[in-house]
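The values are calculated or read from the model by the stated rules, or taken from the named source; none is laboratory data. Keep in mind that this is a model prediction, so the values were computed, not measured. Here the Cβ is made from the backbone with ideal geometry for all residues, glycine too, and neighbour counts use every protein chain on show.
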Amino acid sequence: MRLQEFTGPELTAGRQFGYLTDPISRMSPFVSVERSGLVDLVALPNGELLALERELGGWIPRFRSRIYLVGFGGATDVSALPSLADGGFTPVAKTLLWEGFFGFSNFEGIALGPVIGAGTYSLLLVSDDGAGELAQRQGVLSLILRGVGDPAAPQNPPSVLV
């Protein structure tokens, strides 16, 4: 999948970067809808980017959500490539910050919530009900994101807590 950069006040399309999603961890004989993908992104005040990936898979199917810190250093600008299927590029780096497993909550949205303290924010995950498929439920999960600092200051990567 491609991440598009927009620049300037006119939001002119700039570089594109390849993003590789995690594969499905295991197929199940019980369902035929296994899937995995990047479902949402959130920009942090310090300029960093978080990605929310989700999966429906496993022997006994369940929803798996993951939050990654996205790193663009060393990633190839793929805007000139007609397809990413053949490879030949360096994707963005991903650092896993949090992972959760859920029976009936398929989290597909992520938002930065209120400031809790210096460099600490609430981070909200949102799940829809999937039109009732697989007994999915609507819900919100609140997490704590620590370590979001001043963009000019060197710092350690953020961390996510339940």
With criteria (1) within 24 Å of Ala13 (Cα to Cα); (2) modelled with pLDDT of 90 or more, Thr95 comes up short on (1)
Condition (residue is touching an Asp or Glu at 6+ places or on another chain (Cβ under 7 Å), hydrophobic (A, V, I, L, M, F, W, C) and either within 19 Å of Val126 (Cα to Cα) or modelled with pLDDT under 95 (or both)) applied to the range 12-31: is it met by at least one residue?
yes
Would you mind stating whether Ala75 is surrounded by fewer than 18 Cβ atoms within 10 Å (Cβ to Cβ), at negative phi and modelled with pLDDT of 90 or more?
no
Counting only residues that are of a type in the set (Val, Ile, Thr) and either modelled with pLDDT under 85 or in contact with a helix residue (DSSP H, G or I) (Cβ under 8 Å, 6 or more places away or on another chain) (or both), the range 119-139 contains a total of 0
Only one of (1) of a type outside the set (Val, Ile, Thr); (2) under 13 Å from Leu141 (Cβ atoms); (3) in contact with a Gly (Cβ under 7 Å, 6 or more places away or on another chain) fails for Ala93. Which number is that?
(2)
